[in-house]
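S.K.: Here it is, the structure, as structure tokens.
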Amino acid sequence: MPGEISKARGFDLALQKVMPMTLPLVRLSRLRKSFDGGRPVVRDLSLEIAPGEVVTLLGPSGSGKTTTLMLLAGFERPDAGDIEIEGRPMVGVPPYRRGIGVVLQTCALFPHMTVAQNVAFPLSVRGLSRGEQGERIGRMFAMLRLGGLEERLPAQLSTGQRQFVALARALVFQPRLVLLDDPLGTLDRPLREQMQHAIHDLQQRLGVTMLCATRDQAEALTLSDRVAVLADGRVQQVGTPQELYEHPVNAFVAGCIGENNCLPGSVEAIEDDIARVRLAAGPIVEALVVDVAEGERCVVSVRPERVAVAAVTAEEMGEGAVAAELRQVVYVGDHVRLRLQIGLRGADPAEVVVKRPAGAPLAGLAPGEPVALAWAPHHARAFRPEE
């Protein structure tokens with residue numbers, strides 16, 4: 001009998017590896033929240049987060065990112081909708097009973113406490129012994145390289161050091177979920193990138209689930225397994241960074257993830273999911289149909305690295321090419337940016353930005369000279385204009 005039980009357990013473990021548990025750690029269902037009876041800040045927001053996953057809420061100010069975090073943390077109560085953690089309803093459960101670590105942009109460290117006391121605070125309120133507190137704090141200080149700062153006050157720390165201390169305090173009690181509300185927003189670019197990699201490495205080592213909120217697309221792409229793009233309190237699209245970059249579902253998502261040329265126009269015809277678009281600047285181009293119909297206004301979105309340009313005429317370049325004028329060549333380190341202008345006589349001109357790898361020959365491309373540009377139709381998207 002023991003052998004049979006052991007075999008059964010082994011089979012169960014093998015089955016779990018082949019068919020992993022898919023129950024989410026966090027489930028947000030149709031959340032809605034407004035303040036003082038005003039326009040909803042969060043509306044019909046639904047999102048699931050798997051154990052050990054890093055998900056980022058990406059969107060502009062006012063899109064509902066912080067409010068969503070505060071609802072999940074328990075600092076705000078939803079007007080409607082459900083919040084579940086590990087399958088248990090959380091609406092009405094106080095913050096201190098949710099087992100969530102929170103890191104705010106302001107750090108919110110206790111100014112009268114030393115670094116060690118700040119990090120120890122969540123352990124002391126949970127009744128851990130001094131010995132266990134010391135062990136956990138030491139381990140966290142080693143991971144975040146905070147050694148030597150134990151007796152300093154927050155006012156004696158740099159901005160980056162304060163963020164590391166806030167992160168240590170949020171992680172030291174081993175929460176099942178950590179919320180980060182734009183924690184790197186006040187840092188300059190080099191320190192911001194350093195913190196991004198530090199958070200990523202720490203999450204990989206600990207396996208903790210994280211939900212972040214940011215306006216910085218580079219930060220979202222660096223940290224996240226998946227990104228949820230928010231606008232006006234609604235989730236526009238959820239996917240991996242690559243999915244959002246390569247297959248945005250609307251013009252807003254395309255603008256949030258990566259750089260885009262957005263060219264207004266109207267759909268003249270559609271054949272086999274390819275739209276023939278008359279740009280407002282005059283030329284006719286082709287793009288993959290996403291959410292537009294024949295006769296509708298649209299925006300053609302194409303990434304700068306997807307546009308080919310050459311010092312030839314449009315006729316010489318071939319079918320689908322558009323005549324343009326090269327206005328500027330800018331060297332920006334890892335690539336060269338070409339600013340071009342397109343437009344037929346009597347129409348409003350439009351600007352197109354092209355990226356070329358640094359060191360790639362420009363082959364006669366010089367400001368003020370006529371050139372031609374083109375892209376493969378499936379590399380461009382025809383979207384409805386943003387409302």
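S.K.: Consider the candidate values (1) 25.9, 88; (2) 19.6, 63; (3) 22.0, 71; state which one is Rg and Dmax of the Cα atoms in Å computed from the structure displayed.
M.R.: The value matching this structure is (1).
S.K.: Follow-up question, since we're still on this one. With the cut-off at 1.5 for a/c, could you classify segment 140-224 from its C-alpha gyration tensor as rounded, prolate or oblate?
M.R.: Working: a/c = 1.82, a/b = 1.20, b/c = 1.52.
Verdict is oblate for segment 140-224.
S.K.: Next question. Below 8 Å, C-alpha to C-alpha, sequence gap of six or more: please give me the relative contact order for segment 265-384 in percent.
M.R.: Values: 300 pairs, mean separation 41.1, N = 120.
That works out to 34 percent.
S.K.: Let me ask you something else. With unit charges on the beta carbon (Lys/Arg positive, Asp/Glu negative), name the residue among Q242, P154, Q217 whose Cα is farthest towards the positive pole of the charge dipole of the chain.
M.R.: About the Cα centre, the residue reaching furthest to the positive side is P154.
S.K.: Still on this structure, please answer the following. Once you sort the root eigenvalues of the Cα gyration tensor of segment 315-358 as a ≥ b ≥ c, which label holds: rounded (a/c under 1.5), prolate (a/b larger than b/c) or oblate (the other case)?
M.R.: Values: a/c = 3.44, a/b = 1.63, b/c = 2.11.
Here segment 315-358 falls in the oblate category.
S.K.: Looking at the square roots a ≥ b ≥ c of the eigenvalues of the Cα gyration tensor of segment 216-350, which shape do they give, rounded for a/c under 1.5, prolate if a/b is larger than b/c, or oblate?
M.R.: oblate
S.K.: Ok, one more. Run the simple label-point estimate for E325 and R32 please: 7 Å along Cα→C-beta, distance reported in nm.
M.R.: So the two model labels end up 5.4 nm from each other.
S.K.: Restricting to DSSP H runs of at least four residues, report the calculated mean residue ellipticity at 222 nm for the chain, -39500 (n - 2.57) per run over all residues, nearest 500 deg cm²/dmol.
M.R.: So the calculated ellipticity at 222 nm is -8000 deg cm²/dmol.
S.K.: In degrees from 0 to 90, rounded to the nearest 10, what is the angle of the helix 159-171 Cα long axis to the longest principal axis of the chain?
M.R.: 60
S.K.: Give me the percent relative contact order of the chain, please, defined on Cα pairs under 8 angstrom at least 6 residues apart.
M.R.: Relative contact order comes out at 14 percent.
S.K.: Starting with the fewest neighbours, write out V299, V290, V307, V330 ranked by other beta-carbon atoms found within 10 Å of each beta-carbon.
M.R.: By the 10 Å Cβ count, ascending: V330, V290, V307, V299.
S.K.: Just report the Cα centroid separation between segment 327-343 and segment 29-57, whole Å.
M.R.: Cα centres, segment 327-343 to segment 29-57: 39 Å.
S.K.: Can you give the net charge of the other residues whose Cβ lies under 14 Å from the Cβ of D273, counting K and R as +1 and D and E as -1?
M.R.: With Lys, Arg at +1 and Asp, Glu at -1, the net is -3.
S.K.: Hey, what do the phi angles of segment 115-128 turn into as Karplus ³J(HN,Hα) couplings, whole Hz, using 6.51/-1.76/1.60 and θ = phi - 60°, x for Gly and Pro?
M.R.: Coupling constants for segment 115-128: 4, 4, 5, 4, 5, 6, 3, x, 7, 5, 5, 8, x, 6 Hz.
S.K.: Of the beta bridges DSSP finds with both residues in the chain, what % are antiparallel, to the nearest 5?
M.R.: 75
S.K.: Another one. Count the net charge of all other residues whose Cβ sits under 13 Å from the Cβ of P370, scoring Lys and Arg as +1 and Asp and Glu as -1.
M.R.: Charge balance near P370 sits at -3.
S.K.: Round to a whole angstrom and tell me the spacing of the C-alpha centers of segment 107-174 and segment 222-260.
M.R.: Rounded to whole Å, the Cα centres lie 35 Å apart.
S.K.: Let me ask you something else. Would you mind calculating the gained length between A108 and E369 on full extension (0.36 nm times residue separation, minus the Cα-Cα distance), in nm to one decimal? It would help to have the intermediate numbers written out before the result.
M.R.: Working: separation 261, 0.36 × 261 = 93.96 nm, distance 5.58 nm.
Here the segment from A108 to E369 would lengthen by 88.4 nm.
S.K.: Same structure again: Mind ordering 122-130, 209-217 by average Cβ neighbours within 10 Å, highest first?
M.R.: Values: 122-130: 12.8, 209-217: 22.7.
Top of the packing list down: 209-217, 122-130.
S.K.: Here's another thing I want to ask about it. Can you compute the modelled spin-label distance between S124 and E294, with each label point 7 Å from Cα toward Cβ, in nm?
M.R.: Label-label distance for S124 and E294, simple model: 7.4 nm.
S.K.: Using +1 on the beta carbon of Lys and Arg, -1 on that of Asp and Glu, and nothing else charged, what's the dipole of segment 201-322 about the Cα centre, debye to 20?
M.R.: About 520 debye.
S.K.: Here's a follow-up. How would you order 376-382, 340-346, 162-168 from highest to lowest mean count of nearby Cβ atoms within 10 Å?
M.R.: Going by the mean number of other Cβ atoms within 10 Å, highest first, we get 162-168, 376-382, 340-346.
Computed from the coordinates by the stated procedures, all read-outs in this text should not be read as laboratory data. Quantities reported herein were computed from a predicted structural model and do not represent experimental measurements. Every residue, glycine as well, gets a Cβ built from its backbone with ideal geometry; the counts of neighbours run over all protein chains shown.
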